[in-house]
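What follows is one structure encoded as structure tokens, with my remarks underneath.
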Amino acid sequence: MDIIHFPDDQRPSLWKQPVLALGNLHGAHRGHQKILKRLRRPAAERGSTPAVITFDPHPPRIVRPDKAPPLLMTKAQKLEAIASAGVQGAAIVRFTHELSRWDPETFVRTALVDWLHVSEVWVGANFLFGHDRAGNFTLLRALGGVFGFKAEKIDPVRYKDFVVSSTRIRRLVSEGRVDEAGALLGHQYSIDGTVIEGDRRGRTIGFPTANLQTENELIPPNGVYATTVTVKGIVYASVTNIGVRPTVDSSGRMTIETHIFNLDVDLYGASIRVGFVQRLRDERAFESLDALRTQIAADCGRARVLFDRLSL
């Protein structure tokens with residue numbers, strides 16, 4: 001996938017009359033997936049380039065940093081999800097205080113028309129843009145008529161009884177309801193990172209763990225989770241503890257530790273992805289290491305039953 005940045009890069013010459021999805025696309029949830037799938041059809045019919053235009057940093061970080069929510073994905077995760085959806089290009093607009101003051105027409109003329117020469121733009125039903133979020137779909141469509149591109153929108157996507165939104169998913173993850181969050185996302189909520197060296201205590205009680213250092217901002221609350229771990233493209237079942245390890249550590253330092261089933265190799269320095277399947281229990285202190293060991297074995301047993309049902 002070609003990745004370009006505004007205002008530094010020119011549009012690649014191979015981008016032909018781009019059909020764009022416009023939005024933040026954080027989470028790559030079911031609503032985003034529907035937009036990306038839908039724009040590929042007119043692009044294929046006309047021989048155009050399916051692409052996205054998005055923003056970095058996330059606009060609330062600039063216009064209201066005190067209220068900016070934690071992001072559901074890192075930039076790398078988002079671009080990976082966009083590429084896996086079959087999109088050929090990503091145009092990333094560097095969001096600044098100056099750009100935040102652009103009125104909707106200035107943004108459309110400068111970024112969509114002069115820079116990208118778009119032929120069609122797709123947005124979510126509630127998309128707003130421009131200074132003070134003054135632009136909506138009706139205005140985007142009108143500006144398309146002025147500048148010669150087509151504007152389309154996707155109605156809100158529902159999963160069972162809920163409208164799929166990044167806000168709802170963020171709340172579910174922050175409450176530990178990772179299975180519900182995954183249902184709205186259409187994929188597991190995942191964090192990426194590097195395995196760092198811990199105190200190796202897990203190995204001494206029969207449950208070696210990979211300690212994760214991550215740049216993901218939204219971490220599920222302290223507790224024990226059934227998880228998957230992806231290592232070099234291979235997915236393993238696992239159990240992950242997020243918390244302060246009160247039985248063995250009095251420092252209060254938060255750690256993310258994962259015991260991976262059927263994998264006993266040195267992972268120090270390796271890049272891994274931890275996907276959250278279901279919360280198993282709260283983190284708590286135990287009276288002894290033996291009691292902790294017994295509980296971990298029970299956690300692993302519950303997770304194995306779950307994974308047998310899911311057929312990982």
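Listed here are the residues, each with its yes/no results for (1) loosely packed, with under 14 Cβ neighbours inside 10 Å; (2) outside the structural domain of residue 154 (by TED's automatic domain parsing); (3) under 19 Å from residue 35 (Cα atoms); (4) in contact with a strand residue (DSSP E or B) (Cβ under 9 Å, 6 or more places away or on another chain).
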site	(1), (2), (3), (4)
94	yes, no, no, yes
97	yes, no, no, no
104	no, no, no, yes
111	no, no, no, yes
120	no, no, yes, yes
128	no, no, yes, yes
132	yes, no, no, no
141	no, no, yes, yes
Q | Candidate set: region 260-303, residues that are touching a residue at least 60 places away in the same chain (Cβ under 8 Å) and touching a helix residue (DSSP H, G or I) at 6+ places or on another chain (Cβ under 9 Å); chosen: the one farthest from residue 242 (Cα to Cα) | A | 289
**Q.** Output for region 248-268, where each listed residue is in contact with an Asp or Glu (Cβ under 9 Å, 6 or more places away or on another chain), over 24 Å from residue 306 (Cα atoms) and not β-branched (Val, Ile, Thr)
**A.** 249, 268
Q: Hey, can you tell me all the residues within region 40-68 that are over 20 Å from residue 121 (Cβ atoms) and assigned to a helix (DSSP H, G or I)?
A: 60, 61, 62, 63, 65, 66, 67
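Conditions tested, residue by residue: (1) surrounded by fewer than 19 Cβ atoms within 10 Å (Cβ to Cβ); (2) of a type in the set (D, E, K, R); (3) free of Cβ contacts under 8 Å to residues at least 40 places away in the same chain.
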site	(1), (2), (3)
19	no, no, no
42	yes, no, no
50	no, no, yes
59	yes, no, no
Q) In region 147-189, what residues are in contact with a strand residue (DSSP E or B) (Cβ under 7 Å, 6 or more places away or on another chain), within 22 Å of residue 78 (Cα to Cα) and acidic (Asp, Glu)? A) 179
**Q.** Options 160, 150: the member that is more than 26 Å from the chain's Cα centre (by Cα) and either among the charged types (D, E, K, R) or closer than 24 Å to residue 278 by Cα (or both)
**A.** 150
Q: With respect to residue 77, determine if the residue is in the same structural domain as residue 30 (by TED's automatic domain parsing), over 22 Å from residue 8 (Cβ atoms) and surrounded by 15 or more Cβ atoms within 10 Å (Cβ to Cβ).
A: yes
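For region 135-199, which helices (runs of 4 or more DSSP H) that fit wholly inside it have 1 or more residues that are farther than 29 Å from residue 100 by Cα?
Counting at least 1 such residues, we get 166-174, 178-185.
The values are calculated or read from the model by the stated rules, or taken from the named source; none is laboratory data. Quick caveat, the model's predicted, so the values are computed rather than measured. Positions of Cβ are backbone-derived with ideal geometry, glycine not excepted, and every protein chain shown enters the neighbour counts.
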